[in-house]
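Participant: First, the structure itself, so that you have it in front of you.
The values are calculated or read from the model by the stated rules, or taken from the named source; none is laboratory data. Just so we're clear, the structure is a prediction, and the values are computed from it rather than from any experiment. In this analysis, Cβ positions are derived from the backbone assuming ideal geometry, glycine residues included, and neighbour counts consider all displayed protein chains. Protein only, heavy atoms only, side chains kept; ligands, DNA and RNA dropped before computing areas. Shrake-Rupley method; radii C 1.70, N 1.55, O 1.52, S 1.80 Å.
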Amino acid sequence: MFFHVKELQFEAKPERPDPVFAKKLQELIGGQYGEMTVAMQYMFQGWATRGNEKYRDLLLDIGTEEIGHVEMLATMVARLMDDAPVNQQQEAAKDPVVGAIMGGMNPQHAIVSGLGARPTDSVGNPWMGTYITASGNLLADFRSNLNAESQGRLQAARLYEMTDDKGIKELLSVLIARDAYHQNQWAAAIAELEEKEGLLVPSTFPREKERTDISYTLYNLSAGEESSTGRWAQGPALDGQGEYKYVGNPKPEGDKPMLKPAPPNLHNTLPMD
């Protein structure tokens, strides 16, 4: 059961109209690492969690908070277009030079959504459910969550630097702060799971069934050997089960593949020799 409270968790009021910045904010709503993505990612991870109620509750707590972040950003987008000279913006953007300078407002904000936010990114690509990760393996998923919060905070920080509107900055400072907590939170959850399960995912796959002779090898497959000096190329592996090694001149083990001709009814190009 969901229950909606009409008040926003934090305020979302700009100082002045800015339909061009409204377009930029769409990235934080419907972009790959936007609030729609993390909200649905955490919800689907939580709904699929079996027998780990602490983690299920955490996922649903944060997923529900992210839905509120979508509402705050959608409200900000709508308010950025209140009393904005939409016709003049559209007319000016017809000039290619002016349009390039302005960046241009999103015409769908006027044509499709009637000065409201859209479930899209900053260039109009629709949000996609394929953005989310929900595998059923909590350690794998929490690492994905940490990346999503890192990318989201990075994008919010970049947007913060693109405006001098105090109201926009106040909302972005909230989102940046919450993403900071969520990075810390997922890092703590990852550390807790790694203490129980180890570093590798999945921890339940028998190591004797993999090629352990290459499990800790870095192959030099691009010009230069600078990567050989890294922690990942020498010394004990972080999972405590092997030693890193560096192969400077790797040799192929397999043969050159030679495929059989395709069946005639597929009308592929016939072999030339």
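Participant: What number, in percent, do you get for the relative contact order of the chain if the mean sequence gap of Cα pairs under 8 Å and at least 6 apart is divided by its residue count?
Facilitator: 19
Participant: Something else about it: Between residue 150 and residue 229, what is 0.36 nm times their sequence separation minus the Cα-Cα distance? Round to one decimal in nm.
Facilitator: The span from residue 150 to residue 229 would gain 25.8 nm if fully extended.
Participant: Determine the share of the chain's accessible area contributed by carbon and sulfur atoms, expressed in whole percent, with a 1.4 angstrom probe.
Facilitator: 56
Participant: Over segment 123-226, what is the mean sequence separation of C-alpha contacts under 8 Å (at least six apart), divided by residue count, expressed as relative contact order in percent?
Facilitator: It rounds to 29 percent for segment 123-226.
Participant: At a Cα cut-off below 25 Å, give the lysines reachable from residue 209, other chains included and same-chain residues fewer than 8 away excluded.
Facilitator: Straight-distance partners of residue 209: 196, 245, 251.
Participant: Over segment 141-273, with a single point scatterer placed on each C-alpha, what log10 of the ratio I(q)/I(0) does the Debye formula yield at q = 0.09, 0.10, 0.15, 0.20 1/Å?
Facilitator: -0.59, -0.69, -0.94, -1.15
Participant: Label-point separation (nm) for residue 2 and residue 158, each offset 7 Å from Cα along Cα-to-Cβ?
Facilitator: 2.8
Participant: Separate question: Could you name the aspartates and glutamates in cross-link range of residue 166, using Cα to Cα under 13 Å and dropping any fewer than eight places away on the same chain?
Facilitator: Answer for residue 166, where 13 Å is the Cα cut-off: 11, 15, 18, listed by chain and number.
Participant: Quick check for you: with a 1.4 Å probe and neighbouring chains kept, what is the accessible area per residue of segment 19-197, in Å²?
Facilitator: Computed with neighbouring chains in place, this is 47 Å² per residue.
Participant: Helix check for the chain. Which DSSP H runs span at least 27 Å along their own axis by Cα, with a mean Kyte-Doolittle hydropathy no less than -0.5?
Facilitator: Passing helices, by number: 53-80, 138-160, 166-197.
Participant: Continuing with the same structure: How large is the accessible surface of residue 222 in square angstrom, using a 1.4 angstrom probe and rounding to the nearest 10?
Facilitator: Spelled out: residue 222, probe radius 1.4 Å, area about 80 Å².
Participant: Take the chain, connect every pair of alpha-carbon atoms lying under 10 Å apart with a spring to form a Gaussian network, then pick out the residue of 111, 29, 176 with the largest mean-square fluctuation.
Facilitator: The residue that fluctuates most here is 111.
Participant: To the nearest 0.05, how large is the calculated FRET efficiency for residue 170 and residue 82 if R₀ is 25 Å and r is the Cβ-Cβ distance?
Facilitator: The value I calculate is 0.90.
Participant: What does the extension gain come out to for residue 48 and residue 272, with contour length at 0.36 nm per residue minus their alpha carbon separation?
Facilitator: Extending this stretch completely gives an extra 75.4 nm.
Participant: Let me ask you something else. Using 1/(1 + (r/R0)^6) with R0 = 25 angstrom and r between the beta carbons of residue 10 and residue 61, what's the FRET efficiency to the nearest 0.05?
Facilitator: Step by step, r from the Cβ atoms, then E = 0.90.
Participant: Exposed loop chymotrypsin sites (Phe, Trp or Tyr not before Pro) only (DSSP loop, at most 11 other Cβ atoms within 10 Å): please give the longest stretch of the chain free of them, not including the sites.
Facilitator: 4-273
Participant: Between (i) 84, 61, 34; (ii) 67, 58, 44; (iii) 84, 39, 33, which matches Cα extents along the principal axes in Å calculated for the structure shown?
Facilitator: Only one listed value fits the structure, namely (ii).
Participant: Here's a follow-up. Would you compute, from DSSP H runs of 4+ residues alone, the mean residue ellipticity of the chain at 222 nm, taking -39500 (n - 2.57) per run and dividing by the full residue count, rounded to the nearest 500?
Facilitator: Computed ellipticity for the chain at 222 nm equals -15500 deg cm²/dmol.
Participant: Mean shadow of segment 207-247, computed from the convex hull of its alpha carbons, in nm²?
Facilitator: Mean projected area for segment 207-247: 3.0 nm², to one decimal.
Participant: A further question on this structure: Using the basic label-point model (7 angstrom from Cα toward the beta carbon), what is the residue 213 to residue 256 distance in nanometres?
Facilitator: Going by the 7 Å Cα→Cβ label model, 2.5 nm.
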